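See below for the structure under consideration.
The values are calculated or read from the model by the stated rules, or taken from the named source; none is laboratory data. Keep in mind that what you see is a predicted model, and the values were worked out from it rather than measured. FYI the Cβ positions are ideal-geometry reconstructions off the backbone, even for glycines, and counts take in every protein chain you see.
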């Protein structure tokens, strides 16, 4: 900042809201160099698409289960199906939405656009803006994941060193859009099994495509449920980062050496120490 | 936009907003869902090609007795000749020569036999070998005029009917079927004749057929008027 006689020369430089931590924002450092502390953990596009995703995915799953209940089985009439042990048992109504088959279908075929467009926005954004670097698998992820598992099972004392996410998180967040894309593909295959017969045949025909669509949904549900459990069990402070973007690195799971349900509450920051942590 | 137009538009949008106010959730979403359905129909009609085929292996098993029987009347609709006279299939509307065909007339026309899937809106599929006359053949014989953009398939099963877009109706796999699995159609499957096509969901495939009406506009349908999407394409 150039100043003359203690006075700023004006313009953007004199913005009183610029905090020391944010000063480096103008020149973007290469990803592998040491980045300046982030002011915002998640870009607003990521935050908005995350919550739209909650609504869209919730609608698609609950209406999809209502549609499934119209025929809660997979076999073609007069045949049997190898791989679904709960044939004929409907999903509890409380987990469904749409009221009846037609209502659920109308929601399903509308909400699919919300989720599809939202997914496109999210994936294009993280591709163009660079966030994909925090998620893309790298050599060593398998070993790091194993270290995380050991840590969670108390077979390792210290939290493995991590970047924005730990290795397990990273693979889950990387898998999510892939399962999303598979849900779209298998969904199109059972929506248009005649007009797009080659796609449906590629998936083994209508009966199997419907089964894959169901299994992909199960995977999305499992990923989401584990995600939500882990947020509350390991890093509840991250909820704020997905709403306002703010995140206190001194409360990160690595800083707190946090295992699911086993972590110490960070000490309140006191003026005499920096961050309130023993060093 | 003139003033009167503007006022009426304003009044109707206020009415629409008020209408939306007295209900939450599903009812309020209705206009959005209808909008999505219209857009989806546009996409589905764009995707549709008359060259598309539902192919089933020649040695594939038919569903046989497991093929569900379905009707909307209280009891299985059976054509009563003593009461209603000889069953006839009327082909009319935007055609040069309206037809009135007995079952014999229909059977004597150029026939097609095809083993195809039946896609039910509920998610199940069933297979059968259908014998009948292609809708495109009926349209050719009746001399369909360019006015015909839609086709209504009407039945003697209560007030059951469903209207289709003309492209789906004239798809080569859309039949007016009178035979199923090498036997004449039974009363559980729409005797004497029904529509059968793999390009539409089951509920669009009118059974107990009595009338085929070529039309310049669409006329809804039994299930389409009760909340199921009108297009119902597969």
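Overview of results
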| item | result |
| --- | --- |
| Residue satisfying all of: in segment A:185-197; outside any loop (DSSP other than H, G, I, E, B) and farther than 15 Å from residue B:56 by Cβ; farthest from the other protein chains (Cβ to nearest Cβ) among these | A:185 |
| Which numbered condition residue A:119 misses (of (1) more than 21 Å from residue B:120 (Cβ to Cβ); (2) touching a residue at least 60 places away in the same chain (Cβ under 8 Å); (3) outside any helix (DSSP H, G or I)) | (3) |
| Test: residue in segment B:205-226 that is in contact with a helix residue (DSSP H, G or I) (Cβ under 9 Å, 6 or more places away or on another chain), surrounded by fewer than 20 Cβ atoms within 10 Å (Cβ to Cβ) and modelled with pLDDT under 95 | yes |
| Candidate set: segment A:68-97, residues that are facing chain B (nearest Cβ under 8 Å) and under 30 Å from residue B:28 (Cβ atoms); chosen: the one surrounded by the most Cβ atoms within 10 Å (Cβ to Cβ) | A:68 |
| In segment B:27-46, residue nearest to residue B:164 (Cα to Cα) [restricted to those that are at the interface with chain A (Cβ under 7 Å from one of its Cβ atoms) and without any contact (Cβ under 8 Å) to a residue 40 or more places away in the chain] | B:36 |
| Those residues of segment A:136-178 which are out of contact with any helix residue (DSSP H, G or I) (no Cβ under 6 Å at 6 or more places or on another chain), touching a residue at least 40 places away in the same chain (Cβ under 8 Å) and farther than 23 Å from residue A:124 by Cα, in sequence order | A:151, A:152, A:154, A:158, A:161 |
| Residue within segment A:202-209 that is within 12 Å of another protein chain (Cβ to nearest Cβ), more than 22 Å from residue A:249 (Cβ to Cβ), without any contact (Cβ under 8 Å) to a residue 24 or more places away in the chain and not in a helix (DSSP H, G or I) present | yes |
| So residue A:110, is it facing chain B (nearest Cβ under 7 Å), at pLDDT 95 or above and in a helix (DSSP H, G or I) | yes |
| Unmet requirement for residue B:76, which otherwise passes all of (1) modelled with pLDDT of 90 or more; (2) surrounded by 11 or more Cβ atoms within 10 Å (Cβ to Cβ); (3) within 14 Å of another protein chain (Cβ to nearest Cβ); (4) not in a helix (DSSP H, G or I) | (3) |
| Counted residues, segment B:44-59 - those being at pLDDT 95 or above and loosely packed, with under 14 Cβ neighbours inside 10 Å | 4 |
| Residue in segment A:98-105 that is more than 14 Å from chain B (Cβ to nearest Cβ), in contact with a helix residue (DSSP H, G or I) (Cβ under 9 Å, 6 or more places away or on another chain) and either touching a residue at least 24 places away in the same chain (Cβ under 8 Å) or over 30 Å from residue A:51 (Cα atoms) (or both) present | no |
